[in-house]
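A.B. asks: Quick one: the structure is below, questions incoming.
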Amino acid sequence: MRSVLAIGAHPDDIELGCGGTLAAHRAAGDRVTMLVMTGGQNGPGEVGGRRAEAEAAARNLDCGLIWGGLVDCAVAPDAATVAVIEQAIRQVEADVVYVHAPDDSHQDHRAVAAATISAARHSRRILHYRSPSTTRFEPTVYVDISAHLDRKIDALACHSSQVEASAMVDPEVVAASARHFGAQARVRFAEAFMPARFVWDLAPPIALPHQSSSLAEMVAA
């Protein structure tokens with residue numbers, strides 16, 4: 001079982017960028033936690049409502065939720081922001097970290113991406129996801145979310161204040177993006193990532209007592 005930490009600057013960022021992947025992690029039995037750095041104070045909707053929406057979305061995805069306590073549109077890639085992320089990484093003992101792509105027109109997204117690279121400097125798997133405001137994105141890692149797209153859309157629907165105010169959260173747009181990346185990945189629907197670092201653990205599985213331990217034994221049988 002892996003421990004996954006997904007980091008977003010605002011409520012709904014994580015669901016947009018990697019909600020299907022988080023659903024896939026949960027289906028695989030992994031523990032998943034979402035770290036939302038701000039309350040979305042400067043976006044549509046009021047803060048209390050946005051917190052309730054984020055909590056509902058986390059329940060929908062069966063994920064834990066941590067609030068970073070920072071202020072929307074005032075996030076800096078400074079020591080305080082790094083410390084918040086470091087604390088979350090330690091708290092959940094994260095094996096995999098998902099975060100915004102670094103090239104983005106929203107300053108909070110850029111700051112959270114930069115702070116995460118510092119905070120996760122000892123982590124073996126750091127993957128950047130795309131936001132609607134991402135300006136340059138050249139993915140090389142894909143996750144098949146064909147079985148989980150509906151779950152992603154349901155989680156995004158929890159953010160009703162954003163769905164009503166932004167075409168970027170429109171279910172048709174979300175599905176079209178997943179189909180686009182799916183075509184690149186040669187699957188039906190996918191989410192795409194740019195790895196800052198990705199270690200592929202190819203250690204052999206432990207053989208069960210009844211299994212043959214060598215090719216020679218398999219041939220002999």
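The values are calculated or read from the model by the stated rules, or taken from the named source; none is laboratory data. All figures in this text were calculated on a predicted structure; none of them were measured in a lab. Every residue, glycine among them, receives a Cβ derived from its backbone with ideal geometry; neighbour counts consider all protein chains shown. In case anyone asks, the SASA skips ligands and DNA or RNA and just uses the protein heavy atoms, side chains included. Shrake-Rupley method; radii C 1.70, N 1.55, O 1.52, S 1.80 Å.
A.B. asks: Work through the residues other than residue 25 whose Cβ is under 9 Å from its Cβ and net out their charges, Lys, Arg +1 and Asp, Glu -1.
C.D. replies: Value of the local net charge: +2.
A.B. asks: Would you please classify the overall shape of the range 1-118 from the alpha carbon gyration tensor, given that a ≥ b ≥ c denote the square roots of the eigenvalues, rounded means a/c under 1.5, and beyond that prolate means a/b larger than b/c while oblate covers the rest? Can you show the working numbers first?
C.D. replies: Numbers: a/c = 1.70, a/b = 1.20, b/c = 1.41.
Because a/c hits 1.5 or more and a/b fails to exceed b/c, the range 1-118 counts as oblate.
A.B. asks: Leaving out ligands and nucleic acids, note down the accessible area per residue over the chain with a 1.4 angstrom probe, in whole Å².
C.D. replies: Spelled out: the 1.4 Å probe surface of the chain, per residue, equals 49 Å².
A.B. asks: Share of the chain's accessible area from carbon and sulfur, percent, 1.4 Å?
C.D. replies: Reported share for carbon and sulfur atoms: 55 percent.
A.B. asks: Using the Cα centre as the reference, give the magnitude of the dipole from point charges on the C-beta atoms of the range 1-131 (Lys, Arg: +1; Asp, Glu: -1; all else neutral), rounded to the nearest 20 debye.
C.D. replies: Using only the charged Cβ atoms, the result is roughly 420 debye.
A.B. asks: Can you put 141, 174 in order of accessible area, largest first, using a 1.4 Å probe?
C.D. replies: Ranking 141, 174 by accessible area, largest first, yields 141, 174.
A.B. asks: Just to confirm my numbers, what's the Cα centroid distance between the range 19-38 and the range 86-150 in Å?
C.D. replies: Centre-to-centre (Cα) distance: 12 Å.
A.B. asks: Per-residue HN-Hα couplings for the range 17-30, Karplus 6.51 cos²θ - 1.76 cosθ + 1.60 at θ = phi - 60°, whole Hz, x for Gly and Pro?
C.D. replies: Using θ = phi - 60°, the values come out as x, 8, x, x, 5, 5, 4, 5, 4, 5, 5, 7, x, 7 Hz.
A.B. asks: Another question, if that's okay. Quick one: putting +1 on the C-beta of Lys and Arg, -1 on the C-beta of Asp and Glu, what dipole do you get for the chain around its Cα centre, in Debye to the nearest 20?
C.D. replies: Around 520 debye, computed over the chain.
A.B. asks: Among (i) 11.5; (ii) 13.6; (iii) 17.1, which one is mean projected area of the Cα convex hull in nm² computed from these coordinates?
C.D. replies: Among (i) 11.5; (ii) 13.6; (iii) 17.1, the one derived from this structure is (ii).
A.B. asks: Can you give the % of DSSP beta bridges in the chain that are antiparallel, to the nearest 5?
C.D. replies: Counting only bridges with both partners in the chain, antiparallel ones make up about 35 percent.
A.B. asks: Let me ask another. How many nm is it between the label spots at residue 176 and residue 55, if each spot is 7 Å from the Cα in line with the beta carbon?
C.D. replies: Between residue 176 and residue 55, the label points sit 3.5 nm apart.
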